[in-house]
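The values are calculated or read from the model by the stated rules, or taken from the named source; none is laboratory data. The shown structure was predicted, so the numbers you read here are calculated from the model rather than taken from an experiment. When we count neighbours, we look across all protein chains shown, and the Cβ atoms used for this are built from the backbone with ideal geometry, even at glycine. Ligands, DNA and RNA are stripped out before the accessible areas are found, and what is left, the full protein with its side chains, is counted by its heavy atoms. Shrake-Rupley method; radii C 1.70, N 1.55, O 1.52, S 1.80 Å.
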2 protein chains.
Amino acid sequence: MAKQMTEMLKGNLEGIVLAILSDRPAYGYEITSRLREMGFADIAEGTIYALLIRIEQKGLVDVVKTPSEKGPPRKVFSLNLQGQEYLKEFWTTWNFLADRLQQLHQGGR
Amino acid sequence: MAKQMTEMLKGNLEGIVLAILSDRPAYGYEITSRLREMGFADIAEGTIYALLIRIEQKGLVDVVKTPSEKGPPRKVFSLNLQGQEYLKEFWTTWNFLADRLQQLHQGGR
DNA sequence: ACCGCTACTAAGTGTTACTATGTAGCGGTA
DNA sequence: TACCGCTACATAGTAACACTTAGTAGCGGT
């Protein structure tokens, strides 16, 4: 993946995944595919699983293990109250940064 | 600083500084103050100096040492051709990410 | 019997921003 | 004169995050 994108995703990917989960619960493999559909073609599977473990340990999601028709059991993640709070803060931070950057981009040159 | 902001700045701060330099050349201490004026109140001075050394080593900026009226000599950084290219890529990457996130934010919940 | 897709796990790496601290020149003031 | 505050740069050590790579394992189809 482009190195710039890699670095830019840091701190944002977590919010992106939480936003996806706020739409509806999902499991790791599904989230990966949705990201690919969104255009994030090169996000590694391992990255998503590691991230999911992190947000689970932070207590932002609830987890339910459900059987799958075509493979090992799925770990379905859903955003809980704390996760919703966290996501709200994420958007606040994001908007702040996006505002500043838009200003810079327009003012620039 | 808010932890979310810290992580979100990763990969963006470099672009922000390059964008500032594309407006006009500047030295470290000046860049730090400008960032503070922009609202990035808690960006550490040391962070900026380290970042400037990085982009200098990457060859994105030219450096001229000039005497100061009120302190040690300043290292004035200016964006060179390669830096301009890099900044252009940065904006492309940023726009891609910002688009996706806006979609998520609007579609969300 | 094997391949491909689904699905999750885990160890080790590089990059980045942070904290904390140190050096040093200059002007003003008690 | 001695000190303080502002200007200005430098650096060692830390935490967090996404990456690469490799592995386990169930299921359906050929």
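For the reader, a short list of remarks on this structure follows.
- Among the listed pairs A:Lys88/B:Lys88; A:Lys3/A:Lys75; B:Lys10/B:Lys58; A:Lys10/B:Lys3; A:Lys3/B:Lys65; A:Lys10/A:Lys88, those whose Cα-Cα separation exceeds 22 Å are A:Lys88/B:Lys88; A:Lys3/A:Lys75; A:Lys3/B:Lys65.
- Sorted from nearest, the other copies put their A:Gln84 label points 5.1 nm away, the label point being 7 Å from Cα in the direction of Cβ.
- Portion, in percent, of the accessible area of the protein assembly as shown that falls on carbon or sulfur, probe 1.4 Å: 52
- Measuring max minus min along each principal axis, the C-alpha atoms of segment B:25-100 give extents of 46, 29, 17 Å (largest first).
- Accessible area per residue for the protein assembly as shown, computed on protein heavy atoms with a 1.4 Å probe, is 54 Å².
- Normalised by the number of residues in chain A, the average gap of Cα pairs under 8 Å and 6 or more apart makes the relative contact order 26 percent.
- Plainly put, the tip 7 Å out from Cα toward Cβ on A:Thr66 is 6.4 nm from that tip on each other copy, the closest given first.
- Intensity falloff of the protein assembly as shown expressed as log10 I(q)/I(0), Debye formula with alpha-carbon point scatterers, at q = 0.17, 0.18 Å⁻¹: -1.17, -1.27
- For B:Gln106, inter-copy label distances in nm, listed shortest first [label point 7 Å out on the Cα-Cβ vector]: 1.7
- Restricting segment A:1-107 to GluC sites (Glu not before Pro) in coil, as DSSP defines it, with at most 11 other Cβ within 10 Å: A:Glu69
- Within the full protein context, the accessible area of B:Arg54 is estimated at about 120 Å² for a probe radius of 1.4 Å.
- Only protein heavy atoms count here, probed at 1.4 Å, and on that basis chains B and A bury about 3400 Å² of accessible area in total.
- In the complete set of protein chains, residue-level accessible area for B:Lys65 is approximately 140 Å², probe 1.4 angstrom.
- 1.4 Å probe, heavy atoms, protein only - residues of segment B:72-107 losing at least 40 Å² accessible area vs chain alone: B:Trp91, B:Thr93, B:Trp94, B:Phe96, B:Leu97, B:Arg100, B:Leu101, B:Leu104, B:His105
- Rotation relating A and B, chain B residue nearest the axis via C-beta, angstrom: B:Lys10, 2
- Between the helical axis of B:13-23 and the longest alpha-carbon principal axis of chain B there is an angle of about 60 degrees.
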